[in-house]
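Report on the structure given below.
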Amino acid sequence: MTAILASVIAAAVHSSPSPAQEAGKPAGQAAPVELNFGFPWNGGVGFPPALTDATGYAIHLGLAGPILEAHGFKLGRQIGFNTGPLALAGLQSGEIQLAQTGETPAVLTVVNGQATRAVTIGAPAGDLWIVARKSEAGKLEDLAGKSIGAAFGSNFDKFALAALKRTGQQDKVKLVNLSPSETYPALQSGGVAAVVASPPQAVGWLRKDKDVHIIARAREGDPTLELSASVVVTTEDFAVRNPGLQKALWEVQKAGIAEIRRDPQKYYTFYSQKTGLSPEESSTVVLLNFADAPIAPDGLKVIRSSLAFLTDTGVIKRSADVDAWTLK
């Protein structure tokens, strides 16, 4: 199980500067630097992926553009990728300037020797669920001898590995590499007994399929390992060219966080519009745990815990200097 995962995450993507990087000027000069955001698939059933966190909310409210412009940047596109590793590949190819992913694929770029920097690290707020067919498993321990589908090299399979280890199942369950769009068909067909899903995905399945249920939630496990922390990554080159990047992005995030804290119900309505959940469902699946600084201390704990766990389980062979990786 871990050998296959290790081979997937070890494939490094070579960096090449994008036209935006070549033409970008430091903040304060005439031509603003465009920021295109990439992020992994997170849409609900029948809904396209969308930035639904504090950054996405600030963009939705029209707050992000003026903040970025004041720092010499301009808001570009928000592009959904099928997985976090693919978003990071888009960053390295120059298609995007910022990749927002869970901490696992983000920090694995450092382990693989790629020249990236963490611009912001959020507080642990990323919940994932393991969904199984009732006929296959009533709890995690029932998966012995069966399989779980999850995207390799991501927070999805790290959560699955951590949950299995916590319940003594790490050597008894097979992990199958499935992208988020492949998980429900595989679950429905019986190709796997369970899958890792985002809450919006899982809620959509539960509505229409009475034979699926939740057997594990990241929020109910180890908060320093199973919950994920959102990380915004850029290339080393882009960070050097744009020293005001962290301040600009953090001000956008702070603006979104302030508005969510001021009126959570309004935010739940926004979240429901982007995912297909009702506002009530949104309030039960969203964890309103926010950072109070660009680099959240408890987010760093998650990263260090994840690195130690992936090293102990043999998924990775060396660690990374997280402090040197994060922008100051």
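Hey, what number do you get for the chain at 222 nm if only DSSP H runs of n ≥ 4 count, each worth -39500 (n - 2.57), divided across all residues, to the nearest 500? Show your work: numbers first, answer last.
Values: 15 runs with 141 residues, N = 328.
Mean residue ellipticity at 222 nm (helix-derived): -12500 deg cm²/dmol.
To put it simply, the accessible area of the chain at a 1.4 Å probe is 53 percent carbon and sulfur. Of Lys165/Lys317; Lys174/Lys328; Lys247/Lys274, which pairs sit farther than 29 Å apart, going by alpha carbon to alpha carbon? Over 29 Å Cα-Cα: Lys174/Lys328. The largest-to-smallest principal axis extents of the Cα set in the chain are 62, 44, 31 Å. Dipole check for the chain: with +1 at the C-beta of Lys and Arg, -1 at the C-beta of Asp and Glu, and the Cα centre as origin, the magnitude is about 180 Debye.
Using Stokes-Einstein with the Kirkwood hydrodynamic radius over Cα pairs, what translational diffusion coefficient do you get for the range 169-328 at 4 °C and a viscosity of 1.567 mPa s, in µm²/s rounded to a whole number?
The Stokes-Einstein estimate is 69 µm²/s.
Calculated on the alpha-carbon coordinates, the convex hull of the range 206-255 measures out at 171 cubic angstrom per residue. Computed from Cα positions, the angle between helix 199-208 and the longest principal axis of the chain comes to roughly 40 degrees.
Nearest 5 percent is fine: what portion of the DSSP beta bridges confined to the chain is antiparallel?
55
Considering the range 74-167, its Cα convex hull presents a mean projected area of 7.9 nm².
Beta bridges from DSSP with both residues in the range 106-246: antiparallel share about 75 percent, rounded to the nearest 5.
With all protein chains kept in place, the per residue accessible area of the chain amounts to 39 square angstrom at a probe of 1.4 angstrom.
Size descriptors for the range 94-231: radius of gyration and Dmax over Cα atoms are 15.3, 46 Å.
The values are calculated or read from the model by the stated rules, or taken from the named source; none is laboratory data. Predicted, not measured: the structure shown is a model, and the values here were computed from it. We place every Cβ from the backbone using ideal geometry, glycine too, and count neighbours over all the protein chains shown. Just the protein is used for accessible areas: all its heavy atoms, side chains included, with ligands, DNA and RNA removed. Shrake-Rupley method; radii C 1.70, N 1.55, O 1.52, S 1.80 Å.
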